[in-house]
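Step one of this worksheet: look at the structure below.
Every number in this text was worked out from the coordinates using simple rules, so none of it is lab data. Treat the numbers as computed from the prediction; the structure is a model and nothing was measured. Cβ coordinates were reconstructed from backbone atoms using ideal geometry, including for glycine residues, and neighbour counts include every protein chain displayed.
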Amino acid sequence: MFRKGFGSSFVSLRPSAVLVGKRPDIHEDLFHLALCRQHLRGLTNSVDRVVSMHPLAVLNPLEMKRLETYVKLWYGMEHMNKCSWENLAVCLSDEPNGGWVTWSGISSAIPTLRRSSGLIASPSAHRVFLLKELFASMGFASFQHLADTARVPLYEVHKPLLGLKYSHMRQALGNAQHVGNVGVFGLCALACVSKRHV
């Protein structure tokens, strides 16, 4: 439904279209993410200090260096059909100088979500994608207006009362497939089957 998919039956959602979180959503995500970050251990005793810091302050030094490298690579793509600055989205668990690289530099699509994919950042928005936004990109009604439109209950992403941390929900996201997306794919597959071959 939202993700890049098989053939032209799926709508490819641009990264910039996923960045719909408002200030309270950003603060909530920032707080839960900060609780899982080693370099922010001292800050998490004060909610005010966490929500007042810059959203990119949740990145550790290695992630910040990778983000800077991705941006330099994007600027170096002068003669290529690169994505727009607003649609640049990079996976900060990958090493951009070699090996497996996941970003939207050419595709203008959200990097593939994996169980251990780490944080995905938007340089133009100066922040990482919120968990709510990534779950919404997979078809989950993680924002109230999505739930109201679909007439379904709101999907709660942050579940501290269940003992689930930010890292647990991020891993779940990498293993997730919304049943609605499976249904759409199934309908598309059935529509391609010829009656002569049944």
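Would you mind ranking 138, 77 so that the residue whose beta carbon has the fewest other beta carbons within 10 Å leads the list?
77, 138
Write out the chymotrypsin sites (Phe, Trp or Tyr not before Pro) in the stretch 57-135 meeting two conditions: DSSP loop, and at most 14 other Cβ atoms within 10 Å of their Cβ.
Qualifying residues, ordered by number: 100.
Excluding residue 65 itself, calculate the net charge of residues whose Cβ lies under 14 Å from the Cβ of residue 65, where each Lys or Arg counts +1 and each Asp or Glu counts -1.
Residues close to residue 65 contribute a combined charge of -2.
Could you give each residue of the stretch 72-89 its phi-based ³J(HN,Hα) in whole Hz, using Karplus coefficients 6.51, -1.76, 1.60 with θ = phi - 60°, and x for Gly or Pro?
4, 4, 4, 5, x, 8, 5, 9, 10, 7, 7, 5, 6, 4, 5, 9, 6, 9
Measure off 7 Å from each Cα along the Cα-to-Cβ vector at residue 17 and residue 172, then give the distance between these two points in nanometres to one decimal.
Result: 2.6 nm between the two label points.
List every residue whose amide H lies under 5 Å from the amide H of residue 108, counting only residues 5 or more places away in sequence or on a different chain, with H placed 1.01 Å from N in the peptide plane.
Close amide H contacts, sequence-distant or interchain: 83.
Can you sort 36, 91 so the residue with the fewest Cβ neighbours within 10 Å comes first?
36, 91
Order by neighbour count: 167, 137, fewest other Cβ atoms within 10 Å first, most last.
By the 10 Å Cβ count, ascending, the order reads 167, 137.
Tally Lys/Arg at +1 and Asp/Glu at -1 over every other residue whose Cβ is under 14 Å from the Cβ of residue 132; what's the total?
Charge balance near residue 132 sits at 0.
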